[in-house]
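Structure record follows, encoded as structure tokens.
The values are calculated or read from the model by the stated rules, or taken from the named source; none is laboratory data. Given the structure is predicted, the values throughout are model-derived calculations rather than measurements. Cβ coordinates were reconstructed from backbone atoms using ideal geometry, including for glycine residues, and neighbour counts include every protein chain displayed. Calculation scope for accessible area: heavy atoms of the full protein, side chains included, ligands and nucleic acids excluded. Shrake-Rupley method; radii C 1.70, N 1.55, O 1.52, S 1.80 Å.
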Amino acid sequence: MRCYEITLNDDTHIQLRLTSAKLEWYLKETQSDQQNPLLGVLDAVAILGNRIKLLTAAFQWPKNTNTVKDGAELLDLLLDDGMAPSEISNMILKLACQAGLMEENELESMMAANAEGTVKFRDALRDFLAGKTPAAAETAPQDSGGQNANPTAAPEQP
């Protein structure tokens with residue numbers, strides 16, 4: 001079974017797994033788009049309430065032995081332990097990958113963009129959703145304007 005494992009400084013061992021059933025619960029609970037569950041999970045990167053619900057959902061898999069059972073408690077423990085916000089974001093990305101919402105190479109691109117900061121991460125997310133790799137987006141020629149700047153003709157004025 002694939003789990004995201006954490007050992008806190010006090011030797012508390014935690015295993016997180018975002019099962020299909022709990023992913024479905026999380027998406028309904030956060031009123032996320034059921035057709036694109038990755039977006040709903042990625043909301044947990046930026047929205048505190050969603051982050052807590054996602055972590056709580058990831059605790060609730062069969063036969064887990066976690067002593068911590070609440071996402072808010074885990075989040076506080078992680079921050080108290082010195083985990084950086086970018087590491088928490090990476091943890092959420094890894095949970096999404098383990099839930100089958102993205103491929104390993106996509107995870108690596110998203111984590112690399114996350115390490116470069118919020119703007120770069122949002123650009124990578126936009127490119128990912130558009131079906132581009134972040135590298136392809138960086139090398140794409142930029143149109144500086146001119147006659148091809150807007151191929152849609154403006155409506156005629158009466």
With all protein chains modelled, accessible area of residue 11 [1.4 Å, Å²]: 120 Å²
Proximal charge balance of residue 71 [Cβ under 12 Å; K/R count +1, D/E count -1]: 0
Within region 67-122: Cβ-based charge dipole about Cα centre, in debye rounded to nearest 20 (Lys, Arg +1; Asp, Glu -1): 180 debye
Within-11-Å neighbourhood charge of residue 52 [Cβ basis; K, R +1; D, E -1]: -2
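Counting only other residues whose beta carbon sits under 14 Å from that of residue 11, what net charge do I get with K and R as +1, D and E as -1?
Values: positive: none; negative: 5, 10, 81.
Neighbour charge sum, excluding residue 11 itself: -3.
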